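Readers should treat all values here as calculations from the given coordinates under stated rules, not as data from a laboratory. Bear in mind that the values here come from a model prediction, so they are computed numbers and not experimental data. Neighbour counts run over all protein chains shown; Cβ positions are idealised from the backbone, glycine included.
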Amino acid sequence: MIRKVLLMAAIGLAGVIVGCDIAGGRMGAGGNSFSLEQAGHLLNAGGHLFNAATLGEKDEDAIGQSVAVSLSNRYQLSSDERLQRYVNLVGLTVADASPNAGGNWVFGVLETPEVNAFSGPNGYVFVTRGALMHMQNEAELAGVLAHEISHVCSHDGLNQVKAAEQRGALSEGIKAADQRTAQFGAFADEGVNIVTAEGYTKPQEFAADQHGVEIMAAAGYDPSSYLHFLQGLQNGGGGASGGQLMGTHPGLNERVANVAKQVSGMRPGGATLQQRFANNTGNAR
């Protein structure tokens, strides 16, 4: 089974991640590297006939891979091995505090000034260089990754694909002669569209914020840092040629208000790790 290692070679992690601690978190280990070309071939393998009734968690990895391949084709994966390793370590630390601590998790940095973050089904999470440049400390990065991790844990991508099929949005994609391969490709394409263009619903975003704040706090980070990041976007810090962070994450003003209320009721404190963030990203504040 392909697990944490998809894209590891491409993002310069040399195939194996060595276990270590960050902010009190615990990392696991990866296995063999897997190329983007090979992942692309897997997506054409079809397998069996999908529909909204049968599409389930067993199918998430294939859809998540399609999202990862699409994003890495649209944006260049960062060649900065130190940065990629750092983001993976922070991501795995946060994921370790999530409801799916032992799941399949892959984290990567996309080289684009757009301020955004993406999460494909089954743990494929990406943050852009533009988003990193708008962060002040590691806790803000942890908050953004926790938000995306929450989407994964809640199976939001899969649920959106199923909803699209039920609406008939995929009907044109399954009319080809080879029903099995065509329908598989339609579901994969819809997953890519949801993550990169259509976006999640407001309720899904509100829930991802709420659970993300809980996860980052459980990992030992200061939850108010995520609020500060959202407030920076609200004040115009998220502008980019491709839109705002999260252009596919609606309801920013309401989200800020909800997170502010949530954080105000939490015990203050937690790590921010500004200097470590600066050392690994080059963001000197």
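In what order do 126, 118 fall by count of nearby beta-carbon atoms within 10 Å, going from fewest to most?
Values: 126 28, 118 25.
Sorted ascending by nearby Cβ count, the order is 118, 126.
How do 96, 222, 80 line up, fewest other C-beta atoms within 10 Å first? Kindly include the intermediate steps, with their values, before the conclusion.
Numbers: 96 21, 222 24, 80 18.
The fewest-first ordering by Cβ neighbours comes to 80, 96, 222.
Using Cβ counts within 10 Å as a stand-in for footprinting exposure, how do 205, 198, 140 rank, fewest first?
Working: 205 24, 198 14, 140 28.
With the sparsest Cβ surroundings first, the list reads 198, 205, 140.
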